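Q: Here's a structure for you.
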Amino acid sequence: MTSPSAVSAVAPRDTGGPAVATVRRAPGVRMVDGSVLAVALVCAVVGALLPLRGSDSFTVAPVTGVGMAVLLVVLGQLARLRFRIGRGTVSVSWGEAAFILGFGIAPPGWLPAATFVGVTAAWAFLSWLNGQRAIADILRLSSSLTVGAAGATAVSYAITGPASSVGDLRTQLGLLAGAATYQVITLGLAVLALALRRDASAVQIAARAAHAKLPVFAGSVLVGISTLYLLVNAPVWLIALPVILWLLQRAYRHHLRAEEERRIWEAFARATRALGGATEQAVAEAGLHGALDVFEARRVELEVTLSLGPETGADRRYSADAEDVAPGATPGPVITRAMTVGGARVGDLTVWLAEPALPAAQDELAVSAFADALAGALHDAAARERLTLLDAKIAHDGAHDALTGLANRTALLNDGDKLVTSLHRERPVAVLLLDLNNFREVNGTLGYRAGDAVLRIVAERLGQLCREREIIARLGDDEFAVLLPTVAAVAGSATPLHDAPTSVPQALRRAREVIDAVSKPIDIDGVRLVIEVAVGVVVEKAGCAELGELIRRAGVALDQAKALHMAVAAYDSTRDATSTDHLSLPAELLDALTADDQLVLMLQPEVDLASGAPTGVEALIRWNHPRRGLLTPDSFVRTAENGGLLGPFTRYVLDRALRAAAGWAAAGLDVPVSVNVSSRSLLDPTFPAQVAEALRRHRMVPDRLVLEVTESLAVSNSGVVDEVLAGLRELGVQISVDDFGTGFSSLSFVTRVTVDELKVDRSFVQEMADSPSAAAIVRGAVELGARLGARVVAEGVETADQRAALLALGCTAAQGYHFSRPLPADKIIPALRQMADAAPPTIVPLRVDGAS
């Protein structure tokens, strides 16, 4: 017999019947329950009034037959088995056997009424036995089985007719059809009841219920027909019936329990696979949802006591409820298990079961196993989180001063260098170096704790003065540094972008603001102090010096301020003992040209904006100075020009660039190389011959070499320049105008000299999103390039938005950190190949050579 279980929110551990109905009942559920009850009552009354005659196989008084039918229904219900589906249960009883026997003993019309009375009596007894009050659930159960009995009676009577014999095949087929009808109706009502209460999906409920009940149904039908046959033909054999029923009952119980255990451990495997979260929160959420699924529980709670570190607060609690649990209701039978790993307490897992599907010991074993798996996952997640926190702390401590929390020297150099190199190379930047006067007296008089307090107050005041993108650092002892990446913007002046010297007054003004803020009186251990500060200031173009050199120069300025007893002083190169570098630099550059490890060739790809395929490579030279560190060309090209080393230097760079280009050409990568040319080289009539010799030496096709010139060189000596450029073009070498748009002779130069490429200066690319004038210059360069038959390359592209904006303006090529940083020669070929392979095959980058 199939019976919809009571969907419970409160049930004792050994519930024997429907649990107390405390869950929310939607209007649809109440409507269905009421309709089924009404149909059941109608079937019972109408069936009792119909003059349906029972079987002729044996004679029993109608009243006795009805009583025996009621007794059979009661016994069939008391011998029920239950299994869990979702968070509800389905009862499996000997209902089909009771129906078959009742059909042969009692008038068939009375079977619905007998079923209603028998089911109600059986479940009322079970509810009383378990100390429950479940009238609504009992009525719902009785009505659904009564409807099933009514349908089964109608089908069986229609087949067997009023006069039937147990040995008749027609009668047996009728009883089988009736039992099947009973099964279908009661199973359908059970599925409907559980689905409406959201215990599980209708498909899941139907599949699992059918799988569990089919063996029981077959046995129940066989027992019913066999027993009825023995009653008529061989009553003596009924003595063996109890043993057979007992064996079948045990077999069915084992079958249902094995199915439930299989489901639990399959869900257990799924749940434990999902416990590999990186954080405690992720593991806890996976554990809660996993426990709801494994045990089909009403509620799960998790208390985690495992410490993640000294910052961890009180124990953490997590919980999850099934969707159909009423607010504030006690969910059901509860199992709590402590979670430990290697003797260390992790927390507690508490699971409220909807119904105990397994024996208490097995339910507790399953919860214990899940608790152990969850404990291990939480322990691993805690270990990972502790390692993450430790790594973060190490990284933080490595970049910050332990006393003040400011950046330290290493962080200033690393982050500051990145910030400075991201700026336009003509942008003035400043470094302020602060030193506290007579700080040792504070330590000596008031103690080191007072000195530390002073340093923390200074750091706090500097932090309050910090503006966007500025970096404040403690370099050591009582020395602090402030990096100002936009000096002109500090004072709101209209200082030209390229005019660093005129930005010095702005930096000095900011230094005085710092002095005023830091020098305010403070109270330390009851002593009122005034902190005196000396500040050294240096201002330089972003592309003209490394940050380490700027800090050194600021230190020189600080020493000057202290020597002159001034609060602030700007860097004066005439007072810098190392300013004699310009005297030794030519000799050092000559040595670098013969060394193998000082002048470093870096190569940065140019790419097609649409496809990302490489269209060229720009050669960049860096000087790894043994004493001054890595120097950019701005620091030493002028030395080469003025020291008579321009020829050897240019030949060196050209030779290295062509050697690298020959390497990637041999690898099957057909992209040109671009080399920056000094304006002094274009004043040398022999320069075309030098280029021709370099091309011959490296067996390079001339149009695979692009010489980048600055447009400002056209303002003087135009005759010599034009002659040299004409000689280069006659060779077949391509000419590119670098930093296009920043000079004053753009149009006159490109109309006088045929060029193959215009390179838009990075300042316009980076400012075009916020500056209409910068965008107009980029658009104008693109349109001019189209009219001249020259390609246009945008420099300094660092973001995808800039790439999209350039494409919208019609620009087709670009270079910048968004695509690739400058790479050493030994890494350029793999990078070019990767770019070429990643480009869409249908897009072939086109380089425009000359005016073609």
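The values are calculated or read from the model by the stated rules, or taken from the named source; none is laboratory data. Computed from a prediction, not measured in an experiment: that's the story for all the values here. Cβ atoms come from the backbone with ideal geometry, glycine included; neighbour counts cover every protein chain shown. The area values use the complete protein model at the heavy-atom level, side chains included, leaving out ligands, DNA and RNA. Shrake-Rupley method; radii C 1.70, N 1.55, O 1.52, S 1.80 Å.
Q: Which residues does a label at residue 701 reach in the stretch 771-801, if reach means a backbone N under 13 Å from a point 7 Å past the Cα toward the Cβ?
A: none
Q: Extent of the stretch 631-735 along each principal axis, from alpha carbon coordinates, in Å, largest to smallest?
A: 41, 33, 21
Q: Working out 0.36 nm times the residue gap between residue 529 and residue 35, then minus their Cα-Cα distance, what length gain in nm do you get to one decimal?
A: 168.9 nm
Q: How long are the semi-axes of the equivalent ellipsoid of the stretch 514-627, defined as square roots of 5 times the Cα gyration tensor eigenvalues? Whole Å, largest first.
A: Working through the eigenvalues yields semi-axes of 43, 23, 11 Å.
Q: Can I ask one more? Taking every Cα atom in the stretch 364-414, find the radius of gyration and the maximum pairwise distance Dmax, and write them in Å.
A: My reading of the Cα-based Rg and Dmax gives 19.3, 60 Å.
Q: Quick one: order 390, 589 from most to least accessible surface, probe 1.4 Å.
A: Descending order: 390, 589.
Q: Between residue 417 and residue 344, how many nm apart are label points set 7 Å from Cα along the C-beta direction?
A: Going by the 7 Å Cα→Cβ label model, 3.9 nm.
Q: Now a separate question. Starting from the Cα coordinates of the stretch 730-822, work out the convex hull volume and express it per residue in Å³.
A: Numbers: hull volume 9.2 nm³, N = 93.
It comes to 99 Å³ per residue, whole-number rounded.
Q: At 1.4 Å probe size, put 380, 348 in order of accessible surface, largest to smallest.
A: 380, 348
Q: Largest first, how would 480, 125 line up by accessible area (1.4 Å probe)? Can you show the working numbers first?
A: On the way: 480 0, 125 100 Å².
Heavy-atom accessible area, descending, gives 125, 480.
Q: Between residue 339 and residues 5 or more places away or on another chain, which pairs have amide H atoms under 5 Å apart, with H built 1.01 Å from N, and which residues are they?
A: Distant-sequence amide H within range of residue 339: 346, 347, 348, 349.
Q: Expressed in whole Å with the largest first, what are the equivalent ellipsoid semi-axes of the stretch 365-457 derived from the C-alpha gyration tensor as the square root of 5 times each eigenvalue?
A: Working: eigenvalues 410, 131, 10 Å².
Over the Cα atoms of the stretch 365-457, the semi-axes work out to 45, 26, 7 Å.
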